[in-house]
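Heads up: the structure comes next, in structure tokens.
The values are calculated or read from the model by the stated rules, or taken from the named source; none is laboratory data. As the structure is a computational prediction, the values presented were derived from the model and not from experiment. For neighbour counting, all protein chains shown are included, and Cβ atoms are generated from backbone atoms with ideal geometry for every residue, glycine included. Surface areas here come from the heavy atoms of the whole protein model, side chains and all, with no ligands, DNA or RNA. Shrake-Rupley method; radii C 1.70, N 1.55, O 1.52, S 1.80 Å.
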Amino acid sequence: MFNNDLISSARSKLVITFGPVPSRRLGLSLGVNNIPPKHCTYSCIYCQIGKTIHIDIRRKEFYDPRRVVEEVVRKAEETRPEIVTFVPDGEPTLDLHLKEEIRGIKDVLDIPVAVITNSSLLFLREVRETLSLADVVSVKVDAVTKSIWKLVNRPHPKLDLDKILMGLLEFSSSFSGRLLTETMLVRGINDGEGEAEKVGSFVSKLNPDTSYIAIPIRPPAEPWVEPPDEETLSTYYLTFKEASGVNAELLTGYEGLGFKVAEDPEEYLKATTAVHPVRLDFARTFLRRKGIDPDEVIKRLVENGVLSIVEYRGREFLVKRLPRKEIRVEG
């Protein structure tokens, strides 16, 4: 039975869908907001939605699943997205009716369905079974060291990291869809080389399609939160990639239509460094093959604050200059 008072209240306030918006991870994505702000199992220090109002681990009904499906179908037929993504103002797996909603959407629409989760409830069999219905699942792995996990994710006190990691392993071993991982780095908290090696080693067991290393680029829940500097980010990325052996990309800027690769060699170089560091010698060779003076181009990009040169284990890399100035908390 549905809680009619809850559903009635939600009808006047709820905005079920948003977008579609372009996403490098997923394509043109229609977002589904199936959780009211802000019910979550975590209160992450970097969260762009702000501090968690309701920290909870109890799965419950929030909205009438029939209405969620109807809204998604209507909007999808109007806008024709490439994918439907559950990415709400909280943790989507807290929604007791998520399974019904995924099934309902897939029964009507010939469009893939994705869920972006913080992974915290994957120790529950019913959550793993629910997410197995999705075509794409993105799981969060910000840290595998318990003390660091508590600092960055600020979990519900009854959550246990060992159980969450085991749930991730169980889910990945049976999931037949596209699995992604995301790690959000905060300066001085979880961006160390040692944690990079540990997270990479764990992610290797998940064998994801792609792992994304992200930084906070929008106003965070805590005003003191900052992204790591370019050298630290590059070291983390390269250490993670070496430890994991998986396909890894950086998410260091706002996603938009600009994520498509440009034909111009200089634009191509800027687009590529937004995804992963580029060895300086490779960049020079690439530019020379295009008939361009590499020293002139690289010097200009560095002096204009577009790229930085960092050293890692005896080699120099070009990396994208990070947009720290975009992080502001006002009022």
Legend entry - Sites matching chymotrypsin sites (Phe, Trp or Tyr not before Pro) across region 134-237 that sit in DSSP coil, with at most 14 neighbouring C-beta atoms within 10 Å: W224
Legend entry - Helix 294-303 vs. the chain, principal-axis angle (Cα, 0 to 90°, nearest 10): 60 degrees
Inset, instruction - Over the chain, with every protein chain in place, what whole percent of the accessible area is carbon and sulfur at 1.4 Å, could you tell me? - result: 48 percent
Legend entry - Solvent-accessible area per residue, Å², over region 162-221 with all protein chains present [probe radius 1.4 Å]: 39 Å²
Inset, instruction - State the cysteines of the chain left without a partner when partners are defined as other cysteines whose beta carbon lies under 4.7 Å away. - result: C40
Legend entry - R103 versus R300: modelled label distance in nm, points set 7 Å from Cα along the beta carbon direction: 5.9 nm
Legend entry - Residue (of N118, P216, T239) at the positive-pole extreme of the chain, dipole from beta-carbon charges: N118
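About its Cα centre, how strong a charge dipole does the chain have in debye, to the nearest 20, once Lys and Arg get +1 and Asp and Glu get -1 at the Cβ?
I would put it at about 320 debye.
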Legend entry - Per residue Cα convex hull volume in Å³ - calculated over the chain: 146 Å³
Inset, instruction - Could you list which residues have their amide H under 5 Å from that of T85, counting only those 5 or more apart in sequence or on another chain, with H placed in the peptide plane? - result: L30, G31, V32, A114
Inset, instruction - Over region 17-95, average the accessible area per residue using a 1.4 Å probe and give it in Å², no decimals. - result: 39 Å²
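Please report, in debye to the nearest 20, how large the charge dipole of region 173-260 is about its Cα centre when each Lys and Arg carries +1 at its beta carbon and each Asp and Glu carries -1 there.
400 debye
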Legend entry - Computed E for T210/R58 - FRET, C-beta separation, R0 25 angstrom, nearest 0.05: 0.20
Legend entry - Dipole in debye (nearest 20) - region 108-228, about Cα centre, beta carbon charges: Lys, Arg +1; Asp, Glu -1: 300 debye
Legend entry - Too-long pairs where the Cα-Cα distance tops 25 Å, listed order kept, from K140/K198; K205/K270; K140/K205; K51/K241; K140/K299; K106/K163: K205/K270; K51/K241; K140/K299; K106/K163
Legend entry - Farthest positive-ward along region 79-170 dipole, Cα basis, beta-carbon charges - from I164, I83, L151: L151
